[in-house]
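Beneath this line is the structure, given in structure tokens, with notes to follow.
We did not get these values from a lab; they are worked out from the coordinates using the rules stated. Keep in mind it's a predicted model, so treat the numbers as computed, not measured. All Cβ positions, glycine included, derive from the backbone under ideal geometry; neighbour counts span all protein chains shown.
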Amino acid sequence: MTETQRDVLSKVPAITLGFWLIKILATTLGETGGDTVSMSMNLGYLVGTGIFLSVLAGLVWWQIAADRFRPWLYWATIVASTTAGTTLADYATRSMGIGYTGGSALLLAAVAGSLLAWRLTLGSVSADTVSTPKAEVFYWLTITLSQTLGTALGDWTADTGGLGYVGAAAVFGAALAVVAGLYFATRVNRVILFWAAFILTRPLGAVVGDFLDKPLDHGGLAFSRPIASLVLTAAIIALILILPQRAGAHPKHEKVEA
């Protein structure tokens, strides 16, 4: 396969400001959507995890089988990964009794292990190089683990850390601002900054989602989870329609955008 063909077959989006806006909304939807199924519908974390992992597996297979970058398919897969991450993290930390601290540590090790295996197998963990089935498998595995980590990390910061949802959102928002500052003001490795930002957007979305739908006596706004999920879905659809959506380029041809 030539480099030109690899560029055409890139099936992940360019990393732009629009990408990050949609990603944050998607992670927030993952929290409210996951809680809708597991809590509001009373299906529980295990059943919810089974449902979302099944949907995720089907979408990942479709994504890998696709012949090019398809925005709707990509973002549907992202949303599936973050809803699955929500219920999976809640099942591990609450139903299995691992706790937020133990769950966060375990999942952080899992994300690091996935990135290491990806790096050792294919030589790069850059999102711009995701143009083969093997790279896509590593990409979606790492993403799903990072979404699960983000849920546990958000809960750990808000509850165990005692910061509450607003305080935790401020912490993760500030951390993302630091990453953005490093991107624009330094030469820190762009791949490291990408994955740092990707992971941090998940706990930000998780605590914002919890702030929207948790009861007033728990520090939330007590909004309806299904309604909040529908509003977030509508916002994501609007951004996909409004903002340019194009595949990321091979790093030899184009620099990653912020």
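Could you compute the net charge surrounding L212? Neighbours are other residues with a C-beta less than 13 Å from the C-beta of L212; K and R count +1, D and E count -1. Cβ neighbours under 13 Å give a net charge of -2. A Gaussian network model of the chain, with springs between Cα atoms under 10 Å, assigns the largest mean-square fluctuation among T49, T86, T101 to T101. Build a GNM of the chain with springs between Cα atoms under 10 Å apart, and of P13, P215, P226 the one that fluctuates most is P215.
Student exercise: in the chain, how many lysine pairs 8 or more apart or on different chains have Cα atoms under 18 Å apart?
Working: K11/K23; K11/K134; K11/K252; K11/K255.
Counting lysine pairs in the chain gives 4.
Between I143, I192, I78, the Gaussian network model of the chain with springs among Cα atoms under 10 angstrom shows the greatest mean-square fluctuation at I192. Span-like helix check, the chain: qualifying full DSSP H segments, with Cα axial length of 24 Å or more and mean Kyte-Doolittle of 0.5 or more, are 17-35, 44-65, 71-90, 99-122, 164-185, 190-213, 225-242.
Note on the stretch 156-258: with charges restricted to the Cβ of Lys and Arg (+1) and Asp and Glu (-1), its dipole about the Cα centre is near 480 debye. Counting Lys and Arg as +1 and Asp and Glu as -1 over every other residue whose Cβ lies under 15 Å from the Cβ of T160, the net charge comes to -3.
Computed over neighbours whose Cβ is under 11 Å from that of G99, the net charge equals -1, Lys and Arg +1, Asp and Glu -1. Only helices enter the 222 nm calculation for the chain: every DSSP H run of n ≥ 4 contributes -39,500 (n - 2.57), and dividing by all residues gives -23500 deg cm²/dmol, rounded to 500. With each label modelled as a point 7 angstrom along the Cα→C-beta vector, the A105-I242 pair spans 4.4 nm.
Across the chain, the relative contact order, built from alpha-carbon pairs under 8 Å that are at least six residues apart, equals 32 percent. If you average the alpha carbon positions of the stretch 165-240 and of the stretch 60-136, how far apart do those two centres end up, in angstrom? Measuring centre to centre over Cα atoms gives 17 Å.
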